[in-house]
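Worksheet for the structure shown next.
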Amino acid sequence: MLDADFFRRWMTATAASVDREAERLTALDSPIGDADHGTNLQRGFTAVRTALEKEEPQTPGAVLTLAGHRLISTVGGAAGPLYGTLLRRTGKALGDAAEVGEEQLAEALRAGVDGVMRLGGAAPGDKTMIDALVPAVDALGDGFAAARAAAEEGAVGTIALRARKGRASYLGERSIGHQDPGATSSALLIAALAEAAEG
């Protein structure tokens, strides 16, 4: 069973990963976006880490809800609302339980991803974070490592896609050949989940 400590480890591991990869995320964002994805997420997850240290929420749902709120209030652009919605909806779906099983987490994460799709209007194949998140959630039934591999594969798969949503969509055919920064950061989030499970 997964408790609040597990979810805190997940968010802390994500913050550390975003710190390490911020420059790469911004470099990916440079040709097809605003060149700020890495710095925006770094600011957001630093705020998440600080909030979790101060407030110490006691349930899995409360950890993710707090993290989502912090991202919405500190991250500029589209990333804040999208990541904030992902984590808040997932947290809400987990409810007030002190511990949750892997199957419950998979169902809750699917609710979070559905919330992101509704908010952003994106579907798989549109070259967005959805291209990493949907395969990850689909694979989660086979374990955290399978979800990490599926998310990474989904992120790399965006290179060949033409963007149909977000800033990159303005580039049309010129968006092809670039890996989507949102899908890449989503793969980091899922990799951190697997890392928390290993820890």
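The values are calculated or read from the model by the stated rules, or taken from the named source; none is laboratory data. Computed from a predicted structure; not experimentally measured. For neighbour counting, all protein chains shown are included, and Cβ atoms are generated from backbone atoms with ideal geometry for every residue, glycine included. SASA here: full protein model, heavy atoms, side chains in, ligands and nucleic acids out. Shrake-Rupley method; radii C 1.70, N 1.55, O 1.52, S 1.80 Å.
Kindly indicate the residue of the range 61-89 that is without any contact (Cβ under 8 Å) to a residue 24 or more places away in the chain and within 11 Å of the chain's Cα centre (by Cα) and also farthest from Val113 (Cα to Cα) among those meeting that condition. Only one residue tops the list, namely Gly68. Among the numbered conditions (1) touching a strand residue (DSSP E or B) at 6+ places or on another chain (Cβ under 8 Å); (2) β-branched (Val, Ile, Thr); (3) within 19 Å of Phe45 (Cα to Cα), the only one that Val100 does not meet is (3). Only a single item in (1) surrounded by fewer than 16 Cβ atoms within 10 Å (Cβ to Cβ); (2) closer than 23 Å to Arg89 by Cβ; (3) of a type in the set (Gly, Ala, Ser); (4) modelled with pLDDT under 95 is not met by Gly177, and it is number (2). Taking the range 1-20 as the range and being under 14 Å from the mean Cα position of the chain (by Cα) and either open to solvent by 40 Å² or more (accessible area, probe 1.4 Å) or closer than 23 Å to Gly166 by Cα (or both) as the test, the residues that pass are Thr12, Val18.
Residue-by-condition table, conditions (1) in contact with a Ser or Thr (Cβ under 9 Å, 6 or more places away or on another chain); (2) not aliphatic (A, V, I, L, M):
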residue: Leu109; (1), (2): yes, no
residue: Val113; (1), (2): yes, no
residue: Ala139; (1), (2): no, no
residue: Gly143; (1), (2): no, yes
residue: Ala155; (1), (2): yes, no
residue: Gly172; (1), (2): no, yes
residue: Thr184; (1), (2): yes, yes
residue: Leu193; (1), (2): yes, no
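Quick one: in the range 51-87, of everything that is of a type in the set (S, T, N, Q) and closer than 26 Å to Asp36 by Cβ, which residue is surrounded by the most Cβ atoms within 10 Å (Cβ to Cβ)? That would be Thr85.
The residues on offer are Ala160, Ala111, Ala139, and the sole one that is closer than 29 Å to Ile32 by Cα, open to solvent by 50 Å² or more (accessible area, probe 1.4 Å) and free of Cβ contacts under 8 Å to residues at least 24 places away in the same chain is Ala160.
Restricting Leu189, Leu119 to those that are open to solvent by less than 10 Å² (accessible area, probe 1.4 Å), under 23 Å from Gly91 (Cα atoms) and not in a loop (DSSP other than H, G, I, E, B) reduces the list to Leu189.
When Arg88, Arg174, Arg162, Arg110 are screened for being touching a helix residue (DSSP H, G or I) at 6+ places or on another chain (Cβ under 9 Å), charged (D, E, K, R) and part of a loop (DSSP other than H, G, I, E, B), only Arg162 passes. When Pro31 is tested against the conditions (1) within 25 Å of Lys165 (Cα to Cα); (2) buried (at least 17 other Cβ atoms within 10 Å of the Cβ), the lone failure is (2).
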